[in-house]
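The values are calculated or read from the model by the stated rules, or taken from the named source; none is laboratory data. In this text, all values refer to a predicted model and were calculated from it rather than measured experimentally. A quick note on method: Cβ atoms are made from the backbone with ideal geometry, for glycine too, and the neighbour counts reach across all protein chains shown.
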């Protein structure tokens, strides 16, 4: 049976038994019957967007006979539904199941399980709606005529195989068999100006993607009964930015983001070595499966308490990994590249504990001081918080490094500001992590007056030692009768001098 989506949604024997759609909702469903393959919907909260996605899923699986013949007989045609968490994906399947249960036509065709719905159609074709785990490694190998990515903006909250970038890259090729007849439906409430959802929406809106459509729908456009009083009450409760994002479906800079870079003054290029002193090279090491982040931060020679940012890089390690020697050669080449970047600044190095032995060994041979930081969650949070605080008070000056700025925009905070670093462009905010570590190393720098020190004086080691034993001050009288007793008890008397600073 082939029936149009809007027609099925209005038919009480099919998808319309329990729902009466509003005008904007009908418009959205009608757009899926158009010619575009990719549909990106930015819709306000509680506007029925998941229900619309469920209607599209059931229609595609059970009422598209034209798609059934595109696979060899016996193979299953899938509708894949993915969400930021497995529980959310399963909830999407429950919405589909409720639509099927209310339909006297569809109910006999379906077998409903917790995470999937299987159909055996009258033509003998087999289809299924399946909730996908939020893991790009588990979604390959199936042919899908429709993919629904629900609350896709919030995939950016996660790193690794569940990230927005990797999930989209893994799922989209599943539609290849169905060509232009396939559909990819990306639905979400926005979550800041960053992430794959934001990028897809902007590209579709601006006509940069072939066969793509972007739709923006505030909640009041869908539910026209909402009053001005309701909107003003929600605005007062949530604040302007959150209201615009959650209900107005706007991409608000800073919405859900740890760093708000709006209006931030930026330098045109990196600070030169001579522009600062006390340079620190922050490192986020990686040699094999990630990028090696490095960032230089120093204190301005002109403005006390101002931190400058020098060179910043996220280095892609290159070379084969077939043997132990090849792995070592790859590490050495990567570290040589890091030294080319940081060497002119004559910095001290601070690195996290990952791959610390290789970093310490390499830079130690160059005579460079290396401090290893055990980057626990509280320390990482403190480092990023220190960076954000300095950006807000103007004591940290960034420059227009496109990769670094995009990584900072993608950093998220959850659960009392636990830092989340989504995967982006082959890394996990590696340059941003290196920057935060270097800034945190300067946490004592301020614009307060410099501490005053008395000039250092040379102190004889033996005299200093004996003085402490006698309970005296910084000098000792060698004629003291206890002097010989103490030296005799201790054995050989130490010799030489040290510089002792008096404060």
**OP:** Go through (1) surrounded by 16 or more Cβ atoms within 10 Å (Cβ to Cβ); (2) modelled with pLDDT of 90 or more; (3) assigned to a strand (DSSP E or B) one by one and return the number of the condition residue 371 breaks.
**Re:** (1)
Subject >> Restricting region 430-453 to residues that are assigned to a loop (DSSP other than H, G, I, E, B) and touching a strand residue (DSSP E or B) at 6+ places or on another chain (Cβ under 8 Å), the residue that is modelled with the lowest pLDDT >> reply: 445
Subject >> Selected residue (criterion: surrounded by the fewest Cβ atoms within 10 Å (Cβ to Cβ)) from residues of region 391-404 that are assigned to a helix (DSSP H, G or I) and either within 18 Å of the chain's Cα centre (by Cα) or on the phi > 0 side of the Ramachandran plot (or both) >> reply: 402
Original post:
Quick one: which of 42, 57, 47, 17 is modelled with pLDDT under 90, buried (at least 20 other Cβ atoms within 10 Å of the Cβ) and either in the same structural domain as residue 174 (by TED's automatic domain parsing) or within 19 Å of residue 197 (Cα to Cα) (or both)?
Top reply: 47
Subject >> Residue in region 283-299 that is within 30 Å of residue 223 (Cα to Cα), out of contact with any strand residue (DSSP E or B) (no Cβ under 7 Å at 6 or more places or on another chain) and crowded, with 17+ Cβ neighbours inside 10 Å present >> reply: no
Original post:
Going by the structure shown, is residue 360 out of contact with any helix residue (DSSP H, G or I) (no Cβ under 9 Å at 6 or more places or on another chain), surrounded by 19 or more Cβ atoms within 10 Å (Cβ to Cβ) and either outside the structural domain of residue 195 (by TED's automatic domain parsing) or at pLDDT 80 or above (or both)?
Top reply: no
Subject >> Positions within region 87-116 being touching a strand residue (DSSP E or B) at 6+ places or on another chain (Cβ under 7 Å) and either in contact (Cβ under 8 Å) with a residue 40 or more places away in the chain or assigned to a loop (DSSP other than H, G, I, E, B) (or both), in sequence order >> reply: 88, 89, 90, 92, 96, 100, 109, 110, 115
**OP:** Could you tell me whether any residue of region 378-390 is at pLDDT 90 or above and either exposed (fewer than 13 other Cβ atoms within 10 Å of the Cβ) or not in a helix (DSSP H, G or I) (or both)?
**Re:** no
Original post:
Among the residues of region 270-309, how many are within 18 Å of residue 343 (Cα to Cα), in contact (Cβ under 8 Å) with a residue 60 or more places away in the chain, assigned to a loop (DSSP other than H, G, I, E, B) and out of contact with any helix residue (DSSP H, G or I) (no Cβ under 8 Å at 6 or more places or on another chain)?
Top reply: 2
Subject >> Pick from region 168-216, criterion within 22 Å of residue 51 (Cα to Cα) and part of a loop (DSSP other than H, G, I, E, B), ranking: modelled with the lowest pLDDT >> reply: 191
Original post:
Of (1) within 30 Å of residue 437 (Cβ to Cβ); (2) surrounded by 14 or more Cβ atoms within 10 Å (Cβ to Cβ); (3) touching a residue at least 40 places away in the same chain (Cβ under 8 Å), residue 266 satisfies all except one. Which?
Top reply: (2)
Original post:
Name the pairs: first residue in region 313-341 and farther than 21 Å from residue 438 by Cβ, second residue outside any loop (DSSP other than H, G, I, E, B) and modelled with pLDDT under 85, Cβ to Cβ under 8 Å, at least 6 apart or on different chains?
Top reply: 318/330; 319/326; 319/329; 319/330; 320/326; 320/330; 321/327; 321/330
